[in-house]
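This report refers to the structure that appears directly beneath it.
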Ligand SMILES: Nc1ncnc2c1ncn2[C@@H]1O[C@H](COP(=O)(O)OP(=O)(O)OP(=O)(O)O)[C@@H](O)[C@H]1O
Ligand SMILES: [Mg+2]
């Protein structure tokens, strides 16, 4: 197994960290039989890849042996986003019989977290994901890891996640706040139910909390509360730009 390095790892803010802990705990409470977790959504850009990566990282940091499988064979962002240079050999190579499983599994610089990149875009992603090779791979990973987190393309666009869902223990649907209609999300849920996927929950992403709450949490988590420390008190004043930044940092809610 080769080892890769994520050159661009950023620390999550306190809110995000806590939200991921909550998500992780919710999954753990779904039962010890839940090990392979598929992440999908209705449309593009709702945050599937971000949720997949951070959830895998959260499990790993909690001491669980975890592997992230990038099964978005059509549009993989993992390597570019997290700063990994050589990821040409990945899942598509294994599924098409060009490589063995051990050739595509990478250890990483996050302890307890391994990753399988998507590999070169194949002409037939859904067919490869529906193959026996993928089923066998999941069975092996399930026996070797505590958690297998699988990132996929949006189900409102392509069938890939519905092809994989029946052989995963559970599915999480990421919904971007105010981005899609209730009906569209409902259709995706129904599609997953039709293939007998166990839907573990929905992650509501890109949530903007009321400004008052954001200011409150920033103020009390970063500074002394008795007001004696004038120097740090000055730093408490947030510019509008800071507030905007906070908005995009307020994330993930788990709805069950
Ligand atoms: N909670 C969040 N707050 C702010 N920005 C976010 C959040 N989650 C994701 N993003 C940003 O939204 C964009 C889309 O995220 P991501 O790639 O994770 O979505 P995706 O659902 O995997 O997209 P695709 O359908 O293209 O695979 C990225 O620029 C990402 O940094
Ligand atoms: Mg993605």
* To do: Take the Cα radius of gyration of segment 121-173 and divide it by 2.2 N^0.38 Å, with N its residue count; two decimals is plenty.
  => 1.14
* **Nearest-0.05 FRET efficiency for residue 184 and residue 21, computed from C-beta distance (R0 30 Å)** => 0.55
* To do: Rank these for me by crowding, 24, 99, going from fewest to most other beta carbons within 10 Å.
  => 99, 24
* Asked: Looking at the square roots a ≥ b ≥ c of the eigenvalues of the Cα gyration tensor of segment 2-208, which shape do they give, rounded for a/c under 1.5, prolate if a/b is larger than b/c, or oblate?
  -> rounded
* To do: Multiply the residue gap between residue 102 and residue 133 by 0.36 nm, knock off their C-alpha separation, and tell me the result in nm, one decimal place.
  => 9.8 nm
* Structure fact -> So residue 85 and residue 143, fully extended at 0.36 nm per residue minus their Cα-Cα distance, gain in nm 18.0 nm
* To do: Would you mind computing, in nm to one decimal, how far apart the modelled labels at residue 11 and residue 65 are, each placed 7 Å from Cα along Cα→Cβ?
  => 3.0 nm
* Report, largest value first, the span of the C-alpha coordinates of segment 46-121 along each principal axis, in whole Å. => 34, 29, 19
* To do: At a temperature of 10 °C and a viscosity of 1.306 mPa s, determine how fast segment 108-199 diffuses translationally according to Stokes-Einstein, using the Kirkwood radius over alpha-carbon pairs as Rh; express D in µm²/s, rounded to the nearest whole number.
  => 107 µm²/s
* Determine the gain in length on full extension of the stretch residue 3-residue 45; use 0.36 nm per residue of separation and subtract their C-alpha separation, reporting nm with one decimal. => 12.3 nm
* Asked: For residue 208 and residue 157, what is the calculated FRET efficiency with R₀ set at 25 Å and r taken between the beta-carbons, to the nearest 0.05?
  -> 0.45
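Every read-out reported here was derived from the displayed coordinates using simple, explicitly stated rules and does not represent laboratory data. What you see is a predicted model, and the numbers here were worked out from it, not measured in a lab. Ideal geometry is used to build each Cβ from the backbone, glycine not excepted, and the neighbour counts take in all protein chains shown.
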